[in-house]
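The values are calculated or read from the model by the stated rules, or taken from the named source; none is laboratory data. Worth saying up front: this structure is predicted, and the values here are computed from it rather than measured. When we count neighbours, we look across all protein chains shown, and the Cβ atoms used for this are built from the backbone with ideal geometry, even at glycine. What goes into the accessible areas is simple: the full protein's heavy atoms, side chains included, and nothing from ligands, DNA or RNA. Shrake-Rupley method; radii C 1.70, N 1.55, O 1.52, S 1.80 Å.
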Amino acid sequence: MTDNITLTMIKPMAVKKGYIGPILAKIAEGGFRIVAMKYTKLSLEQAQKFYEVHKERPFFRDLTAFMSSGPIVAAILEKENAVQAYRDHIGATNPAEAKPGTIRALYGTDLGMNAVHGSDSIENANIEADFFFAKTERY
Ligand code: GDP
């Protein structure tokens, strides 16, 4: 288990709006190093697997339908204390409540379409990194 990584996804609406470049620039500005990255699309089954922890939540169906609706960018980011540092950098789950200048405040639309995912614990960061990337795809 690595305690200095986090997993991010640039969500479908942010990709559709052309925000991949600006979001990657903000990630670099925050001092995060890209360890692995891919442009891909989740099937509904893959989205359900990724968000398994939320399967009892009322928004699970909307969330997984949205996350499998178009291409995403997935990346492993490295920085000291990466999970918390990245959550601070992206802002609150609801873009309307995210601090000005954070990625979700700048590029999010609403609670569902909040521009990016960021792991919520070191354990989940490692599980989510393994979901997308083989060890041989990390540099
Ligand atoms: P996060 O860790 O900040 O991403 O937030 P959560 O783990 O609580 O929720 C996971 C994702 O589910 C969030 O990033 C939102 O995109 C989505 N989500 C959370 N609450 C709601 C909601 O009430 N409605 C919808 N449609 N999506 C939600």
Quick calc: nm separation of the 7 Å Cα→Cβ label points for R138 and K99 -> 2.8 nm
Rank by packing, highest mean first: peptides 21-34, 98-111, 51-64, 4-17, with packing defined as the count of other Cβ atoms within 10 Å averaged across residues.
4-17, 98-111, 21-34, 51-64
Taking the stretch 5-137, how much of its Cα-Cα pair set, in percent, is spaced more than 25 angstrom apart?
16 percent
How much of the accessible area of the chain, in percent, comes from carbon and sulfur atoms when a 1.4 Å probe is used?
53 percent
Excluding ligands, DNA and RNA, what is the solvent-accessible area per residue of the chain at a probe of 1.4 Å, expressed in Å²?
53 Å²
In order through the stretch 90-103: 3J(HN,Hα) via Karplus (6.51 cos²θ - 1.76 cosθ + 1.60), integer Hz, x for Gly, Pro:
8, x, 4, 3, 8, x, 5, 9, 6, 4, x, x, 6, 4
Pulled fully out, how much extra length does the chain show between K55 and T109, if you take 0.36 nm times their separation in residues and subtract their Cα-Cα distance?
17.1 nm
Between F131 and S43, what is the label-point separation in nm under the 7 Å Cα-to-beta-carbon projection?
1.6 nm
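Given the Cα-Cα distance of A65 and E123 and 0.36 nm per residue of separation, how much length would full extension add, in nm?
Between A65 and E123, full extension yields an extra 18.4 nm.
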Between the stretch 87-108 and the stretch 1-73, what is the C-alpha centre distance in whole Å?
15 Å
